[in-house]
Amino acid sequence: MKNINSVFVGLLLLMSSCNFFTLDTPNDPNNPSLGSVSQNASRTQVQNLVTGLESRHRDYLFTVTALFGTLGRELWYLNASDPRWQTDWLGMNGRQATPNMFGYLNTYQQPYFAIRQALTVIDAVNNTNTFTTEEKNAISGFSKTLMAYQYLIVAMGQYENGIRIDVKDVQNPGPFLPLAESLTQIKRILDEGNTELGAGGTGNFPLRLTTGFTGNGFGTIAALRQMNRAIAARLAVYRQDWQGALDAVNASFYSATGSLEAGPAHTYGAPPDAFNPLFFVRNAAVSTLLVVHPSVINDTIAGDARVRAKFFRRTAPVSVTSDGTPLAGQYQDNRYAANTSEIKFFRNEELVLIAAEANAQLNKTPEAVAAINRIRTAAGIGNYTGATTKEALIDEILFQRRYSLWGEPWGHRWVDLRRYDRLNATNVDVSLDRGTIFKQLARPQAEVNWDAYVQTR
Amino acid sequence: MFKSTDSSVAKLAFAMGMWLLSVVAVAQTKIGGTVKSGDGSPIPGANVVVKGTTIGTVSGADGTYSITLRQNNAILVFSSIGFQSKEVAVGNNSTVDVTLTEDVSNLQEVVVTGLASSIKRSNLANAVATISAKELMGTTQIQTVDNAFYGKLAGVNMNTNGGAPGGGVSIQLRGISSLVGASQPLYIIDGVYANNSVNRSGRASVTGAGAETQDDASNRISDINPNDIENVEVLKGPSAAAIYGTRANAGVIIITTKRGSAGKTKVSFAQDYGMATPQRLFGVDNWTEAKINTFFAAARRPIELERFRAANGQTWDYEKYFYGNTAPLSNTRLGISGGNDKTKFFISGALTDEKGIIRRTGFKRYSLRANIDHKLTNDITLSVGSNYINTISDRGFTGNQNNSGASIGYNIAYVPNYYNLFADESGRYPDNPYFAENPVAVTDRGINNTNVNRFIQSFNLTANLYKSEKALLKLVGQGGFDYTQGTTFVYLPEDLQYQRAQGNPGDVIWGKTENVNTNLQAALVYNWNIGKLNLTSQAGAVRLNFREDRLLNRSRGLAGGQTNLRQGTVQEIFDQRFQSITDVGAFVQQEANWDDKIIATAGVRWDKSTLIGDANKFWAFPKASLAINLANFDFIRSSSLSSVFSQIKPRVAYGETAGVPGFGTTFTPLNSANIGGLLGSVVTTAAGNAAIEPERAGELEFGLDLGLFNNRIQLEATYYDKQTRSNIQNLQLSPAVGISTIPTNLAQLQNRGVELSLGATIVQKEKFRWSSRVLWWKNDILLTKLGIPAYNLGAFGVTLGTFLYQEGFSPTTIVGTRPARDANDTPLNTDKVTTGAFVLGDNQPDFQMSWNNEINFLKNFDFNMLWHWKKGGDNINLTEFLWDGGGTSPDWDDDDNNDGVPNGRQRGLAPHNGADRWVQDATYLRLREAALYYTVPTSSLNKWFNNKISRVKVGFSCQNPLTFTKYRGYDPETSTFGLQAVASGVDIAPYPTQRRFFGHLVVEF
């Protein structure tokens, strides 16, 4: 009986002790929480958020380069493991750019992840006392600059569908604004960023940035402001604000004589960092590869240095057959030395071309031709000797942009042809893939669903 | 002051006790006797109870018992498992001997109802399925426990992930209860909440397949030695499992392992040798110059024609080389069981060594078990079970991949049979020009190994606290832990073709995962009799803890032939995750049994968990049931019906359970992101919900059990309606807000089904006995409420087939693109789907049926056969998609409709580019198990071995020897995403499943 009693009492004590029935609400053992930065964030926390912004800022790169490049037939992403990269993206056999199209959601979603990150940085820095007013302006200005860059990516993909600009409230995002209105709003954000960077003090940016910025001369607040203006120049050209474009070019890091390669970059590295997604080992025997579109090779002017520098000729082509249509690529990207090489997201070369285009549109022919010649000389194909009508100059500029800005993380060819209403079979070679030329991507199914859900909730 | 009060209470208690004893000491008679079975042998451990009281005893090793009666006109009830119980009036006798007859039905078996009590099957109000050790492993040797349930349970939809050694079977009881969880049941082994998780190995990252669901890792339930199992009870739905609360939405599988018995020590040795061969091989298409010209692009044709001519008619059948091998299987077991009246033990050791049909794959298991039951006193029994297991599995490289070519099936789909991929004399493998990797090199050099060490320890304590003539109060305590430590190793050497093409050739991931499950439970059970009414009340509490920590490290750019992480250029921490969960519950239950005629139960369980938003809120799960044994009533007994019906039991039961959200659902984290040598914090893309609630299911079950002709024919019919609400759905936010999803409790599911079981002992003669059982079941799932607009999710998008989430449809509905018109240009129905796709099929079957036969002839021969028919249920067959893409489909070059276009380009409806091509019917009829055994007659044994050996059994058996199906894949059962409730049945180059053939020898001393 004694044994039973002690067992009984022991268990009873165990059960009745408060600890048995109490549970502690757990904290996340693996991550800090989002709530921890909304008030009184420390300098370290905001530093981490800004580095996070740099990380999110590059996530769009592979899908946008590959998809927009495919749409403009700058390149093909041949993938033997999954033919939908060809069949769906090239619009083979009557496929359309539907809301459920394969693999395009990243081009819509990744920029918005970056925008959410930027909003979080701005929010955190405004609700804490650990920075001076100037520092807050600098950080906020930098975030708004990257935010505008990301909005513009979505705007270019969605085009006439319009995009949402006000996305602060997670459960109540703002409406879709038509293209012109969206671009105006993006300009507003960019200009706010510019003003804030102007009030951000002097010297270096108050937090650490990666070598994509600091190693390319963009570690100071003044230089970041120039970067802001460069993006403004690109935007002005899309808005057909030619004088605005010239003004922005002059306030940017444009250099008439300096290197065409100058500009800020996305940086890459070995894990835990990410590898350069556009790097493929030269001549490797693989069945998945980004290849140069054959028409780019065929249309080039003989001796163009850009072709020799940017394109690598393989011994054996990579070929993939999808939906019965064979596609083969003999040339691959030659621009990156290693899988840790950085990728410039805005180069001086584009500013020169923007200057050329804006001047041509404003009928300032000598300045336009001078800029064109700058490009042509660097490419080793001699000065421009063609007609100097606005039409002819625009033709020439579009041709030069095709090679100067080939495979840049923007999909310039598609965007450029479309804004000049030239997105047709004359300018885009679909003879090989027998696909469709898409003017824009569809509004994603998830957005359509959300709007339907909002009606009923 | 305190002391004297204490002592006066003690004195009072003593006095009362003595008075009680004196009152009771009036009429005491001692009765004794022997309990024997039909052939005269004694039955040890038979229960002898005075009817209507708690006075009872148990027969000893020699079958004798002795009991003290305190009343006149007592009736003794004799019962033992496997025998029909018998009631004998004592009258004036002082010796009562009894002979019990064997029970062909299972109505006497005891089934768990509450957490601490059990009930006879004949009184059970739920459709609880029991699988005995004989049913489970008696026919053939099955590698893992989950694989052994096929065809033996009604109401379950089972689907194996593939044939890789080490198992991995999805078990869905009565449909699906969660849209985000895997809907796998809770496993309880001897009271321990067992770990049945799938631990990440990282293979999906090395091969490029994707996230961890495509790792094809094994399920930890494969560690358990199925031969240790005494019986399995399956609580299929909330009406039976309600008492398990928050983890029981998908049912509970209760496993009890073998225990010793009093008497002579028995030693049992068994050895099985066998072989495995692939279930089906398809062969590959041959090539001709014409086919080369049709298939390849113009630029490619010259090279291919050259290769074809160079081969000069020689072909290499890669499918046969990789899959068409015979794998040796071996299983060795030793069991020792014995004991006396106070202590019983069961010790077992088992060694399983089974190779796989793909080279360098296989499964090894070493298991050691000791189960000890000891009576500390007459009133306290302690049972302890210890199990150590070590499993080593090599599962190879199959399934999905992206770019790396590291999946055999995926890879060889693209290689024509005129190209030689084998190593030359110097051992160099040629580069594969058709795909990114040489599959022969991957099989010869790649490693995908998992090594698991596991300890399962259980403690069960039963203590009688208070006993009187009519009442018994006992304490039932249970505790235990399940500790698993697994090491995973995935390796592709640096000199493989694809690796050489990478910036950092050579890839290795070492993973260590540790799981610790602990549980502690205590209950008080009070059993009391009022006349013919027997009442059992129980109340108790339970606390569970689940911890999982994992760390995976990856290294790339490896030094020659090295696998140590430090011998790599790029070293990274691939994954680290901590996970800790605690659940607390309390329960009460009341059972009332009126003379075995009406049995009613009601109970409630309260539960809370750290996984739920409000960790300290108790959730209540009620249950109630009623069973009426009409055949025990006098008005039936005395009618003509009693000659036919030995059991008529209508029953009804209701219960509620819950499913908990996954770990992390309540957190909104900042994830880490590294760039340029700096650490970044990025806002999560999947927000958490700190107010998340558990998913709740309520099930109403009606049934009728009939026993005819003394239970020679048994029919069980059940209809159930399981409604789940607050189903967790990841609400897809507008992608523009930068957060993709937030979990919400918005959806509702409905599962309705029928389970029928008809068993009969068809022939029962001395030299021929045949018993047979047919099971038939179906389940219909319906998404009754989604709460958000309909969407498609799962598999690889609408162009290849995906799953539809829309109100009014089952979430297992497969939708995809399809031509809008059929071959006769008639427009095809849109079936009211609002997500822009067409209904192409449904992964859930129409119905399933199994037929089990046990035949005993010429006294010593046993023949068993189990058939399983699954009708309906569609798969997404992407293996054929790969074959067509590579020109290697067996019928690629044929032209069934003679229109000049080969079959390989003309699947499905014109213009032959929809997902309808890949959604295929996976109906199958399978002979699951068949065996023939011969038990050497005892008389011969005694003669030859001088009474030293008590039993020798030899035989042959096979598993899955025959399959009849129209499905054009390796196995209609497949799942490339592992255990999934919804997205199951996606077929991408799986490890082919096998037929297994065994020879058996069992010797008992």
Check on residue A:151, within 19 Å of the chain's Cα centre (by Cα), among the hydroxyl-bearing types (Ser, Thr, Tyr), more than 9 Å from every other protein chain (Cβ to nearest Cβ) and buried (at least 17 other Cβ atoms within 10 Å of the Cβ): yes
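Within region B:94-212, considering only strands (runs of 3 or more DSSP E) that don't extend past its boundaries, which have at least 2 residues that are closer than 29 Å to residue B:584 by Cβ?
On the way: elements: B:98-100, B:110-112, B:118-120, B:129-132, B:156-160, B:169-173, B:186-189.
Once the strands (runs of 3 or more DSSP E) in region B:94-212 are filtered for at least 2 residues that are closer than 29 Å to residue B:584 by Cβ, what remains is B:110-112, B:118-120, B:169-173, B:186-189.
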Single condition residue A:172 does not satisfy, out of (1) surrounded by fewer than 18 Cβ atoms within 10 Å (Cβ to Cβ); (2) within 14 Å of chain B (Cβ to nearest Cβ); (3) in contact with a helix residue (DSSP H, G or I) (Cβ under 6 Å, 6 or more places away or on another chain): (3)
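Any idea which residue in region A:18-57 is nearest to residue A:212 (Cα to Cα), counting only those that are of a type in the set (D, E, K, R) and buried (at least 24 other Cβ atoms within 10 Å of the Cβ)?
Let us first name the residues in region A:18-57 that are of a type in the set (D, E, K, R), namely A:24, A:28, A:43, A:54, A:56.
Retained after the next criterion (residues that are buried (at least 24 other Cβ atoms within 10 Å of the Cβ)): A:54, A:56.
On the way: A:54: 9, A:56: 14 Å.
It comes out as A:54.
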Of the criteria (1) more than 14 Å from chain A (Cβ to nearest Cβ); (2) in contact (Cβ under 8 Å) with a residue 24 or more places away in the chain, which one residue B:634 fails: (2)
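I want to confirm something. Restricting to region B:843-859 and keeping residues that are under 26 Å from the mean Cα position of the chain (by Cα) and polar (S, T, N, Q), which single residue is surrounded by the fewest Cβ atoms within 10 Å (Cβ to Cβ)? Explain how you work it out, then say what you get.
In the first step, residues of region B:843-859 are kept if they are under 26 Å from the mean Cα position of the chain (by Cα); the result is B:843-854.
Still in the list and also polar (S, T, N, Q): B:843-844, B:848, B:850, B:852-853.
Details: B:843: 28, B:844: 24, B:848: 23, B:850: 22, B:852: 21, B:853: 16.
Ranking the qualifying residues of region B:843-859, first place goes to B:853.
Could you list, in sequence order, the residues of region B:587-645 that are among the aliphatic types (A, V, I, L, M), in a loop (DSSP other than H, G, I, E, B) and more than 25 Å from residue B:240 (Cβ to Cβ)?
Taking region B:587-645 and keeping what is among the aliphatic types (A, V, I, L, M), we get B:588, B:592, B:598-600, B:602, B:604, B:611-612, B:615, B:620, B:624, B:626-628, B:630-631, B:636, B:641, B:644.
Those left that are additionally in a loop (DSSP other than H, G, I, E, B): B:611-612, B:615.
Within region B:587-645, just B:615 meets the criteria.
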Looking only at region B:723-758, and only at residues there that are surrounded by fewer than 22 Cβ atoms within 10 Å (Cβ to Cβ) and hydroxyl-bearing (Ser, Thr, Tyr), the one that is nearest to residue B:775 (Cα to Cα): B:757
Cβ pairs under 8 Å, 6+ apart, first in region A:78-93 and more than 8 Å from chain B (Cβ to nearest Cβ) and crowded, with 23+ Cβ neighbours inside 10 Å, second assigned to a helix (DSSP H, G or I) and among the hydroxyl-bearing types (Ser, Thr, Tyr): A:89/A:70; A:90/A:70
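It is to be established whether one or more residues within region B:736-755 are under 25 Å from residue B:709 (Cβ atoms) and touching a residue at least 40 places away in the same chain (Cβ under 8 Å).
Restricting attention to region B:736-755, the residues satisfying the condition of being under 25 Å from residue B:709 (Cβ atoms) are B:754-755.
Okay, now just the ones that are also touching a residue at least 40 places away in the same chain (Cβ under 8 Å), so B:755.
Checked against the condition, which is being under 25 Å from residue B:709 (Cβ atoms) and touching a residue at least 40 places away in the same chain (Cβ under 8 Å), region B:736-755 yields at least one hit.
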Pick from region B:860-883, criterion surrounded by fewer than 21 Cβ atoms within 10 Å (Cβ to Cβ) and not in a strand (DSSP E or B), ranking: nearest to the chain's Cα centre (by Cα): B:872
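At negative phi and surrounded by fewer than 18 Cβ atoms within 10 Å (Cβ to Cβ): which single residue out of A:257, A:210 fits that description? Break it down into steps so the answer makes sense when it comes.
Working: A:210 fails: surrounded by fewer than 18 Cβ atoms within 10 Å (Cβ to Cβ).
Only one candidate passes the filter, namely A:257.
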Residue list for region B:808-855, restricted to those being among the β-branched types (Val, Ile, Thr) and touching a helix residue (DSSP H, G or I) at 6+ places or on another chain (Cβ under 6 Å): B:817
Given (1) facing another protein chain (nearest Cβ under 10 Å); (2) out of contact with any Ser or Thr (no Cβ under 7 Å at 6 or more places or on another chain); (3) modelled with pLDDT under 90, index of the condition residue B:613 fails: (2)
Condition check for residue B:968: farther than 27 Å from residue B:854 by Cβ and either surrounded by fewer than 23 Cβ atoms within 10 Å (Cβ to Cβ) or in contact with a Ser or Thr (Cβ under 6 Å, 6 or more places away or on another chain) (or both): yes
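For every residue, the table says whether it meets (1) surrounded by fewer than 20 Cβ atoms within 10 Å (Cβ to Cβ); (2) under 27 Å from residue A:234 (Cα atoms); (3) touching a Pro at 6+ places or on another chain (Cβ under 9 Å).
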residue: A:332; (1), (2), (3): no, no, no
residue: A:335; (1), (2), (3): yes, yes, no
residue: A:345; (1), (2), (3): no, yes, yes
residue: A:357; (1), (2), (3): no, yes, no
residue: A:364; (1), (2), (3): yes, yes, no
residue: A:375; (1), (2), (3): no, yes, no
residue: A:383; (1), (2), (3): yes, yes, no
Test: residue in region B:532-547 that is surrounded by 19 or more Cβ atoms within 10 Å (Cβ to Cβ), away from chain A (no Cβ under 14 Å) and of a type in the set (A, V, I, L, M): no
Residue under evaluation residue A:132, criteria (1) facing another protein chain (nearest Cβ under 9 Å); (2) more than 22 Å from the chain's Cα centre (by Cα), criterion not met: (1)
Long-range neighbours under 7 Å by Cβ, at least six apart or interchain, first residue closer than 24 Å to residue B:883 by Cα within region A:313-331, second basic (Lys, Arg): A:319/B:300; A:324/B:905; A:325/A:434; A:326/B:300
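Residue-by-condition table, conditions (1) buried (at least 20 other Cβ atoms within 10 Å of the Cβ); (2) assigned to a loop (DSSP other than H, G, I, E, B); (3) within 29 Å of the chain's Cα centre (by Cα); (4) within 14 Å of another protein chain (Cβ to nearest Cβ):
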position: B:426; (1), (2), (3), (4): no, yes, no, no
position: B:476; (1), (2), (3), (4): yes, no, yes, yes
position: B:488; (1), (2), (3), (4): yes, no, yes, no
position: B:511; (1), (2), (3), (4): yes, no, yes, no
Qualifying residue in region A:381-395 (condition: touching a residue at least 40 places away in the same chain (Cβ under 8 Å), away from chain B (no Cβ under 14 Å) and either farther than 30 Å from residue B:798 by Cβ or assigned to a helix (DSSP H, G or I) (or both)): yes
Total residues in region B:668-687, condition closer than 16 Å to residue A:171 by Cα, surrounded by fewer than 20 Cβ atoms within 10 Å (Cβ to Cβ) and either more than 7 Å from chain A (Cβ to nearest Cβ) or in contact (Cβ under 8 Å) with a residue 40 or more places away in the chain (or both): 2
Residues of region B:616-648 classified as of a type in the set (D, E, K, R), at pLDDT 90 or above and more than 27 Å from residue B:172 (Cα to Cα), total: 1
Odd one out for residue B:520, checked against (1) within 11 Å of chain A (Cβ to nearest Cβ); (2) over 23 Å from residue B:195 (Cα atoms): (2)
Total residues in region A:416-449, condition outside any loop (DSSP other than H, G, I, E, B) and either in contact (Cβ under 8 Å) with a residue 40 or more places away in the chain or under 21 Å from the mean Cα position of the chain (by Cα) (or both): 8
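Among the residues of region B:568-583, are any buried (at least 22 other Cβ atoms within 10 Å of the Cβ), modelled with pLDDT of 90 or more, closer than 22 Å to residue B:181 by Cβ and touching a helix residue (DSSP H, G or I) at 6+ places or on another chain (Cβ under 9 Å)? Show your work before the answer.
Step one: list which residues in region B:568-583 are buried (at least 22 other Cβ atoms within 10 Å of the Cβ), which gives B:568, B:583.
Okay, now just the ones that are also modelled with pLDDT of 90 or more, so B:568, B:583.
From what's left, closer than 22 Å to residue B:181 by Cβ: B:583.
From what's left, touching a helix residue (DSSP H, G or I) at 6+ places or on another chain (Cβ under 9 Å): B:583.
Checked against the condition, which is being buried (at least 22 other Cβ atoms within 10 Å of the Cβ), modelled with pLDDT of 90 or more, closer than 22 Å to residue B:181 by Cβ and touching a helix residue (DSSP H, G or I) at 6+ places or on another chain (Cβ under 9 Å), region B:568-583 yields at least one hit.
Going by the conditions given, is residue B:176 of a type in the set (Val, Ile, Thr) and touching a Leu at 6+ places or on another chain (Cβ under 8 Å)? Before you say what the answer is, go through the steps one by one.
Values: of a type in the set (Val, Ile, Thr): yes; touching a Leu at 6+ places or on another chain (Cβ under 8 Å): yes.
So residue B:176 fits the description; yes.
The values are calculated or read from the model by the stated rules, or taken from the named source; none is laboratory data. Just so it is clear, the model here is predicted, and its values are computed rather than measured. As a convention, Cβ positions derive from the backbone with ideal geometry for all residues, glycine included, and neighbour counts pool all protein chains shown.
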